[in-house]
1. Roughly how many nanometres apart are two label points built 7 Å out from the Cα toward the Cβ at Asn116 and Ser65?
2. Out of every Cα pair in segment 47-138, what percent are spaced more than 17 Å from each other?
3. Quote to one decimal, in nm, the extra length available between Asn51 and Thr109 on full extension: 0.36 nm per residue of separation minus the C-alpha distance between them.
4. If the convex hull of the alpha-carbon atoms of segment 28-96 is projected onto planes in all directions, what is the mean projected area in square nanometres?
5. Between Arg134 and Thr85, what is the spin-label point distance in nm, taking each point 7 Å from the Cα along the Cα→C-beta axis?
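Nothing in this text is a laboratory measurement; each read-out follows from the coordinates by a stated rule. These figures come from a predicted structure and were not determined experimentally. Neighbour counts run over all protein chains shown; Cβ positions are idealised from the backbone, glycine included.
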Amino acid sequence: MTAVAAVAAATVGAVALPASAADHHPGRHHRDSVYISSVRYDAPGRDDRSNRALNREWVDITNDSRRPVNLSGWTLSDRDGHTYTFRHYRLAGRATVRVHTGYGHDTRTDLFQDRNRSVWDRYDTATLRNGYGRFVDDASWGRGDRDDRDHHGDRDHRNHHGDRDRDRR
């Protein structure tokens, strides 16, 4: 390999490495560790308002840091003001918790809002705030042409303020 080819290969390798790392969490700021990673707002199957149907509607909250995060006092709300407050819950590092709408027994991986009516509409926004009421993350859906019932957190539409535009979903 010539010296020019070696420099070119090293340059391409150096450029490719950060790009592949950025693709892992596109558009994510490195300091964000807790975020809304997925939402199912219009659960598949029959909507008979049963507890089973309500629990097929959920929001996933992910902690991508190595350290656990105390979510006690944090809130998850929709545009209509329905608010769930996390109580005595610690989200482990590199873990996800699923927050279901209906009733159930809280576990390490599943929490329940204990509601008897659906929260997440076809056109809605889920907002996560910390214990001080400060914005942490949000996810919006239903404004685009596609009807994705299972909305996964596309982190590549984040603007410089930390908000995401998810019109595609």
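1. 4.0 nm
2. Cα-Cα pairs of segment 47-138 separated by over 17 Å account for 48 percent.
3. Taking Asn51 through Thr109 to full extension adds about 19.0 nm, to one decimal.
4. So the mean shadow area of the Cα hull is 5.9 nm².
5. 2.0 nm
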